[in-house]
Each structure stands twice: as C-alpha cells, then as structure tokens.
1. Got a number for residues in segment 16-32 being surrounded by 13 or more Cβ atoms within 10 Å (Cβ to Cβ), among the hydrophobic types (A, V, I, L, M, F, W, C) and out of contact with any Asp or Glu (no Cβ under 9 Å at 6 or more places or on another chain)?
2. Scan segment 9-52 for residues that are β-branched (Val, Ile, Thr) and either assigned to a loop (DSSP other than H, G, I, E, B) or in contact (Cβ under 8 Å) with a residue 60 or more places away in the chain (or both) and jot them down.
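Bear in mind these aren't lab numbers, they're just calculated from the coordinates by the rules spelled out. The structure presented is a predicted model; accordingly, all values stated were derived computationally and were not measured. FYI the Cβ positions are ideal-geometry reconstructions off the backbone, even for glycines, and counts take in every protein chain you see.
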Amino acid sequence: VVESGGKNIEIAVMTKDKGLRQLEESEIDDIVAEIEAEKAAAEAAKKQPPKESTS
C-alpha cells in the first residue's frame, strides 16, 4: 500500500536567484492534492463512454 501525502515526500527546488530551498509540508500537500485531482479526472474520463462523432 502506498500512502500519498506530504509527510513521506521531500522536495527541494534550486533556482539561480534563490539557491536551494526545501518545500514546506503544506506546499507539498498542495502539489499532491493537485496531482490526485488530475488523476481522478483522468480516471473519470476513461470510464465515460466515447462520444459519438456527428461528421
């Protein structure tokens, strides 16, 4: 079982201007929530019957 969430993930971002910075857990949680929403939308799209084309 894989648990998603910011508690098990560490992300660091390096930029030319600000150097290396570690993302806060809240920032990671926001990213995880966005990814899960996209995943759910993709799965819902797969389950919908194909639209008939009227060409």
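1. Qualifying residue count, segment 16-32: 2.
2. Going residue by residue through segment 9-52, those that are β-branched (Val, Ile, Thr) are 9, 11, 13, 15, 28, 31-32, 35.
If the condition is that a residue be β-branched (Val, Ile, Thr) and either assigned to a loop (DSSP other than H, G, I, E, B) or in contact (Cβ under 8 Å) with a residue 60 or more places away in the chain (or both), then Ile9, Ile11 are the ones that fit.
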